[in-house]
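The values are calculated or read from the model by the stated rules, or taken from the named source; none is laboratory data. This structure is a prediction, so every number in the text was calculated from the model and none was measured. Backbone-built Cβ (ideal geometry, glycine too); neighbour counts: all protein chains shown. To get the accessible areas, we keep the full protein, side chains included, count just its heavy atoms, and leave off ligands, DNA and RNA. Shrake-Rupley method; radii C 1.70, N 1.55, O 1.52, S 1.80 Å.
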Amino acid sequence: MNRTPGTRVLVLNSGSSSVKYQLLDMAGGTRLASGLVERIGDGPVADHAAALKQVADELAAQGLGLDSPELAAVGHRVVHGGIRFTEPTLITDEVVTAIEELVPLAPLHNPANITGIKVARELRPDLPQVAVFDTAFHSTLPEYAARYAIDTATADAHGVRRYGFHGTSHAYVSRATAELLGKDPSEVNVIVLHLGNGASASAVRGGTCVDTSMGLTPLEGLVMGTRSGDIDPAVIFHLSRVGGLSTDEIDDLLNKRSGLLGLCGDNDMREIGRRMGEGDVTAQLAFDVYVHRLRKYVGAYTAVLGRVDAIAFTAGVGENSAAVREAALRGLTALGVEVDAVRNAVRSPSARLISAAESRVAVAVVPTDEEMEIATQAYALVQA
């Protein structure tokens, strides 16, 4: 591939009703512009083509137009890459078709990602466009960690296996945690806890992901804002046979009306904390369920890794809730984990250690930067 002369990468995250964007200059690792176009199809922005036109106009107004020779590539977030896409990929017609074939695995996300790709390619057909997949970082899972214990032929016929998600965040944070410790990623074993409205955990050995909590879909694993996380599969059969719920109703229940929202009516950890302070027992139970699941995964991934050098908290809840961090790791002294209460209480936009001096395992708060990770991967590909 011929090297492109520019050093800027436009990162696009196309959702079903919104487009987030950031323009980054890879020469200095600086953010030049960012924005969000919302309510696509439900307001003045008719469709994704109009949304991308608005993005182009907003950038042009800042002297950063899409026609700039400084623009080296567009990096697209794509949620599901299946087993085919395990690294950043230059987008071609064949790649778009392959991503479309993966829609059954991510029906809520991949269609919107594809729309963003198609519109961006129409706007700049001459510009390299790169797909960066949420699932790619987890493609290194050993087969015994990726496999579900169901009939192999059935699983293979329908693509049923653990794929994992939030991969760009886990990749960025695991590497940044090693940097915080002054070590190369190959020397560090890290448990990454990405805690936002969606939440996931990963076990990263020497820079390589060996286990992760989300599975075939983003529903499995930790308790989330509106998703149940781990659940006995027979609950689905019970709700169908005894409760009379349809498949779509159960899907809606587990993805949109469960998790913290289902437990206490709120999926905002700040509001749950306020209610707990007022003695609300329902909010307290939701919090306790949430951190109990977190603690179980920390223990499980400690066993998977054998040696843990660091536990890293990231994303909205992970970066901002001292109460969650403290409660999730409370009582883990036997595993070498001790949090310093004073350090933990400090609010800062910077990566930092919050572990006690005597803690054998470093505990860190590391702000994630998925857009920078996407831009880094896209730029490396077009410059190769």
_Please report the carbon-and-sulfur percent of the accessible area for the range 289-351; probe 1.4 Å, protein heavy atoms only, DNA, RNA and ligands left out._
57
*Send over the semi-axes of the chain's equivalent ellipsoid, whole angstrom and largest first, taken as the square roots of 5 times the C-alpha gyration tensor eigenvalues.*
33, 26, 22
_Give the lysines whose C-alpha is closer than 30 Å to that of Lys20, dropping any in the same chain fewer than 8 places away, or say none._
Lys53, Lys118, Lys256
*Taking a probe of 1.4 Å, how large is the accessible area per residue of the chain, in Å²?*
45
*Give me the percent of the accessible area of the range 164-207 that comes from carbon and sulfur atoms, probe 1.4 Å, all protein chains in place.*
41
*How much mean residue ellipticity at 222 nm does the chain get from its helices, if each DSSP H run of length 4 or more adds -39500 (n - 2.57) and you divide by all residues, to the nearest 500 deg cm²/dmol?*
-12000 deg cm²/dmol
*Beyond 28 Å, what share of the Cα-Cα pairs of the range 1-146 is found? Please give it as a whole percent.*
19
*Rounded to whole Å and ordered largest first, report the semi-axes of the equivalent ellipsoid of the range 150-230 derived from its Cα gyration tensor (root of 5λ).*
26, 17, 8
*the chain: antiparallel DSSP beta bridges as a percent of all, rounded to 5*: 60
*Ranked highest first by the average count of other Cβ atoms within 10 Å around their residues, in what order do 222-230, 198-206, 334-342 fall?*
198-206, 222-230, 334-342
*asked:* Can you divide the C-alpha Rg of the range 201-289 by 2.2 N^0.38 Å and report the result to two decimal places?
replied: 1.28
